[in-house]
Amino acid sequence: MTVSEETAKTYEKGDYYGSQYPVGSARLGEMIEESAFYSAHMQRMSSFAMLGILIIFAIAFAAIAFAALPFISHATTLTILRVFLALLVFAMSSDVLGAFLSHRAAARDIETVRMRLQLARQNGFPPTDVLLLMGEYNVAVETAPESVPFAYEFSEVRLNRLWAEYMANLRQIAQNAPAAA
């Protein structure tokens, strides 16, 4: 609460959520859907980052093991085992595998909520459905691990473009629906 109102206004993003609905359950539903879209992508990207770390360590261990093959002796074998155990301790203590699985599960849970919001959209965003889905989305996000650093900055332009395309497709479908009826 130490920031002045004028300073805060300079950082305000009026288009943070792209909903055009008036205040109500439809607006809330679309805002949750947009947030879920971004959150699911961030969790998926984080899971790929964790998988990449696991793969790098596996490749590093394999390279060390194969590089040491010509020099195998009793002492070298012990050294390879020590290196393997050190890598294993690092992987287990940092829980890279657990983080990968957690990010992947969070992305799946958030994407499930988003798909259900798409169904709610087709029904006009009933208030009861939107409130229940808001609770489910909150649980999914609160139990999800934090995304990897710089994930959003790395994919901001792409994600904004994908969301704009998604919304343009929805508007086009809405415009064509009355003509078809």
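The values are calculated or read from the model by the stated rules, or taken from the named source; none is laboratory data. Just so it is clear, the model here is predicted, and its values are computed rather than measured. Cβ sites come from the backbone with ideal geometry, for glycine too, and all protein chains shown count toward neighbours. Surface accessibility is based on the protein's heavy atoms, side chains included, excluding ligands, DNA and RNA. Shrake-Rupley method; radii C 1.70, N 1.55, O 1.52, S 1.80 Å.
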| Which of the peptides 128-135, 4-11, 60-67 is most tightly packed, and how do the rest follow, going by the mean number of other Cβ atoms within 10 Å of each residue? | 128-135, 60-67, 4-11
| said: Heavy atoms only, 1.4 Å probe, whole protein assembly: order VAL83, VAL157 by accessible area, highest first. | reply: VAL157, VAL83
| task | With r as the distance between the Cβ atoms of THR143 and PHE90 and R0 = 30 Å, compute the FRET efficiency 1/(1 + (r/R0)^6) and round to 0.05. | result | 0.70
| query | When the helix-only estimate is applied to the chain (DSSP H runs of n ≥ 4, each -39,500 (n - 2.57), divided by the residue count), what is the mean residue ellipticity at 222 nm, nearest 500 deg cm²/dmol? | reply | -28500 deg cm²/dmol
| message | As a test question: what accessible area, to the nearest 10 Å², does HIS41 have when a 1.4 Å probe is rolled over all protein chains in place? | response | 40 Å²
| field | Leading residue at positive end of dipole, the chain (Cβ point charges), from SER47, GLN172, ALA26 | value | SER47
| field | Selected from GLN122, HIS74, ILE56, residue furthest toward positive end of dipole (the chain; charges at beta carbon) | value | HIS74
| field | Orientation-averaged projected area, Cα convex hull of the chain (nm²) | value | 16.3 nm²
| task | Report the chymotrypsin sites (Phe, Trp or Tyr not before Pro) located in segment 128-181 that are in a DSSP loop and have at most 16 other Cβ atoms inside 10 Å of their Cβ, or state none. | result | PHE150
